[in-house]
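**Q** There's a structure below that I have some questions on.
Where a number appears in this text, it was derived from the coordinates with a stated rule and is not lab data. Owing to the predicted nature of the structure, the values given are computational and were not obtained by experimental measurement. Note that each Cβ is placed from the backbone with ideal geometry, even for glycine, and that neighbours are counted across all protein chains shown.
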Protein chains: 2
Amino acid sequence: MVKIVNINKDAGNLAERAYEEIKRRIFDFILMPGDRLSESDLAQQIEVSRTPLRQALQQLQHEGFVEALPKVGWLIRPLDFEKFDELYDFRILIECFAARELCTTVKDRSALRTLALIWSVPAAERLQDAMKVSALDEAFHQTIVESTGNREMMRTHREITERIRIIRRLDFTKDNRVTATYDEHAVILVALQGGRPDEAQQLLTSHIEISKREVRQITLDMLQRARKREPLAGQN
Amino acid sequence: MVKIVNINKDAGNLAERAYEEIKRRIFDFILMPGDRLSESDLAQQIEVSRTPLRQALQQLQHEGFVEALPKVGWLIRPLDFEKFDELYDFRILIECFAARELCTTVKDRSALRTLALIWSVPAAERLQDAMKVSALDEAFHQTIVESTGNREMMRTHREITERIRIIRRLDFTKDNRVTATYDEHAVILVALQGGRPDEAQQLLTSHIEISKREVRQITLDMLQRARKREPLAGQN
DNA sequence: ACTCGCCTTGTTGTATACTACATAGTATCC
DNA sequence: GGATACTATGTAGTATACAACAAGGCGAGT
């Protein structure tokens, strides 16, 4: 009897694989904002059937990356900087709350020491690799939020992180922005360890606000270059 | 030629209909927390095929009402009061931020006047119907959050509202809780209209905290009664 | 009597066929 | 020549068949 083997490369199910693959293509601007696409086309490209593909698309729709046009097709949502601004502001609210909790009610400060080992280091020990710094930056802010112990806030904060990553990561492609991030994280940690909530909140707010502004400009440049290089990058 | 007509009762698509129907059954405790269910059974009951049903279940999974047990089936998630507490705390954070915005930076105060017409009324004009008061209560808090203009905070707040509605609505089945809600909303509105952010935040916080505590007890009673009445309410 | 392994049954995961529908292109009529 | 109706084509929405898999029952062997 012939056994048909499931040759899933990464995940146990095709839906997840499709999800990761589509997201990758969006992040790499292979699927450009504004592109239209049909389920059958994409299914063929990714080599899954429509069923798991639609599952993936629905997930991505919920996360705001794609939009369903009923009976017509799917659309890669254009980058909406107003929305990113609002997500950054939301981050500020959640992280400032977490910072206050850390200073006032949270007992276990060990997480702060761990963060200091990463961020409060001499210039020579600082990392440069954009992807690594980006991941560490996300971890830094996530760790602060974790201190609240509120899983719902953590969840929402994680979702925000997922949604802004597409532009946020570009921040670390500039050396001076990496330097600034190290500096700012260091002083934030000092304020948190010193138990000074107002100062920590103020530093955190301006840290995120600066990033918000920088990232917008960097992204606009990046987009223009991507468009010039491959004006018809998306299929059909 | 025979034309097969789509007899969708409510929505344009079956997935949405399935979603509403399942949610209704969960809210009515026809599907009890802890119940296991299979897609084929439920599909037959709701009279849709598995495809739109799964779409509905995935949506409900994202909202935390059901849980997918891969290769095994679906589970109606038990009511988790710790989670509800965290959602209430999250509400407090968002609504307090909105209240501050309302007092300090928002120009257009007309929404507050509209709310006052509903909540700041003589006892004789107060509504009693639990469903109506519940809807008005949700609208009250939503309106405050809308004042921020931050659509992401609004969205998250709306999701929180959806997720806690299953227990929150029970709050208004008790007359004294309706009375308390009217009283508390009225004083909150006064503080907001007076532009006193600290007072508004303090009132809002205690208002939500009280509700959190009351609702927990009411729900536990309700659940016990539901369990006694129909110990095997779920199918199979 | 107990344990181990096979096999039956029920479940989701996936692929695919088919329906209803939207859209655009074309031919026809005025 | 312009507007309009019709038709061809491609799309998502839906139903369903089948494969892969999990789990538990049941029997055989000890």
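**Q** Take B:Asp198 and B:Ala124, extend 7 Å from each Cα along the Cα→Cβ direction, and tell me the distance between the two endpoints in nm.
**A** 4.0
**Q** Taking N as the number of residues in the range B:61-113, what is its alpha-carbon radius of gyration divided by 2.2 N^0.38 Å?
**A** On the way: Rg = 18.3 Å, N = 53, 2.2 N^0.38 = 9.9 Å.
In units of the 2.2 N^0.38 Å rule of thumb, it is 1.84.
**Q** When only Cα pairs under 8 Å and 6 or more residues apart are kept, what is the percent relative contact order across chain B?
**A** 23 percent.
**Q** In nm, one decimal, shortest first: how far is the label point of B:Arg165 (7 Å from Cα along Cα to beta carbon) from the matching points in the other copies?
**A** For B:Arg165, the inter-copy label distances come out at 3.1 nm.
**Q** In Å and on Cα atoms, what radius of gyration and Dmax does the range A:2-126 show?
**A** Computed over the Cα atoms of the range A:2-126, radius of gyration and Dmax are 20.9, 65 Å.
**Q** Could you name the aspartates and glutamates whose alpha carbon sits less than 16 Å from that of B:Lys228, not counting residues in the same chain fewer than 8 places away?
**A** Within the straight-line limit of under 16 Å, B:Lys228 reaches these aspartates and glutamates: B:Asp28, B:Asp35.
**Q** Please build a GNM for chain A, connecting alpha carbons under 10 Å apart, and tell me which residue among A:Ile30, A:Ile160, A:Ile46 fluctuates the most.
**A** So, out of A:Ile30, A:Ile160, A:Ile46, the one fluctuating most is A:Ile46.
**Q** Could you give me D for the range A:81-225, from Stokes-Einstein at 10 °C and 1.306 mPa s, where the hydrodynamic radius is the Kirkwood radius over C-alpha pairs? Units µm² s⁻¹, please. Intermediate results must be reported in sequence, preceding the final value.
**A** On the way: Rh = 15.4 Å.
For the chosen part, D equals 103 µm²/s.
**Q** What are the equivalent ellipsoid semi-axes of the range B:14-78, built from the alpha-carbon gyration tensor (square roots of five times its eigenvalues), in whole angstrom, biggest first?
**A** Rounded to whole Å, the semi-axes are 15, 13, 11.
**Q** Can I ask one more? Compute the acute angle (0 to 90°) between the alpha-carbon long axis of helix A:50-62 and the principal axis of greatest extent of the alpha-carbon atoms of chain A; round to the nearest 10°.
**A** 30
**Q** Go through A:Leu203, B:His141, A:Thr104 and say which Cα lies farthest out towards the positive end of the charge dipole of the protein assembly as shown; charges sit on Cβ, +1 for Lys and Arg, -1 for Asp and Glu.
**A** B:His141
**Q** Related question: Quick one: with label points 7 Å out along Cα→Cβ, list the inter-copy distances for B:Arg113 in nm, shortest first?
**A** Taking the point 7 Å beyond Cα along Cα→Cβ, the inter-copy spacings are 5.9 nm.
**Q** Using only the alpha-carbon atoms, how far is helix B:81-104 inclined from the longest principal axis of chain B? Give it as 0 to 90 degrees, nearest 10.
**A** So the inclination is approximately 40 degrees.
**Q** Let me ask something else. As an exercise, use a Förster radius of 25 Å and the Cβ-Cβ distance of A:Ile210 and B:Arg151 to find the FRET efficiency, rounded to the nearest 0.05.
**A** 0.65
**Q** Given a Förster distance of 51 angstrom, what is the FRET efficiency for A:Arg50 paired with B:Asp85, based on the Cβ-Cβ distance and rounded to 0.05?
**A** Efficiency, from the Cβ-Cβ distance: 0.80.
**Q** Could you work out how far the C-alpha centroid of the range B:165-204 sits from that of the range A:81-154, in angstrom?
**A** If we compute the Cα centre of each part, the gap is 33 Å.
**Q** When the chain is fully extended, how far beyond the present Cα-Cα distance does A:Arg109 get from A:Arg227, taking 0.36 nm per residue of separation?
**A** Here the segment from A:Arg109 to A:Arg227 would lengthen by 37.8 nm.
**Q** Then there is this: Measure nothing but the geometry: give the 0 to 90° angle between the long axis through the Cα atoms of A:197-229 and the longest principal axis through the Cα atoms of chain A, rounded to 10°.
**A** On a 0 to 90 degree scale, this one is about 30.
**Q** Which distances, in nm and shortest first, link the B:Phe27 label point to the same label point in every other copy, taking 7 Å along Cα→Cβ?
**A** For B:Phe27, the other copies' label points sit at 3.8 nm, shortest first.
**Q** Dipole of the protein assembly as shown, Cα-centred, from +1 at each Lys and Arg C-beta and -1 at each Asp and Glu C-beta, to the nearest 20 debye?
**A** Magnitude of the dipole: close to 1000 debye.
**Q** Next up: Can you compute the helix-only [θ] at 222 nm over the protein assembly as shown? Use -39500 (n - 2.57) per DSSP H run of at least 4 residues, normalise by all residues, nearest 500 deg cm²/dmol.
**A** After summing the helix terms and dividing by residue count, I get -22000 deg cm²/dmol.
**Q** I've got another one for you. Express the Stokes-Einstein translational diffusion coefficient of the protein assembly as shown in µm² s⁻¹, to the nearest whole number, given a Kirkwood radius over alpha-carbon pairs, 4 °C and a viscosity of 1.567 mPa s.
**A** Values: Rh = 25.2 Å.
Reported coefficient: 51 µm²/s.
**Q** Roughly how big is the range A:77-236's charge dipole about its Cα centre, with Cβ charges of +1 (Lys, Arg) and -1 (Asp, Glu), in debye to the nearest 20?
**A** Using only the charged Cβ atoms, the result is roughly 440 debye.
**Q** A further question follows. Identify, among B:Leu223, B:Ala68, B:Tyr88, the residue whose Cα sits farthest towards the positive end of the charge dipole of the protein assembly as shown, taking +1 on the Cβ of Lys and Arg and -1 on the Cβ of Asp and Glu, with the dipole about the Cα centre.
**A** Checked the options; the winner is B:Ala68.
**Q** Given +1 on the Cβ of Lys and Arg, -1 on the Cβ of Asp and Glu, and no further charges, what dipole in debye does the range B:1-150 carry about its Cα centre, rounded to the nearest 20?
**A** That gives a dipole near 420 debye.
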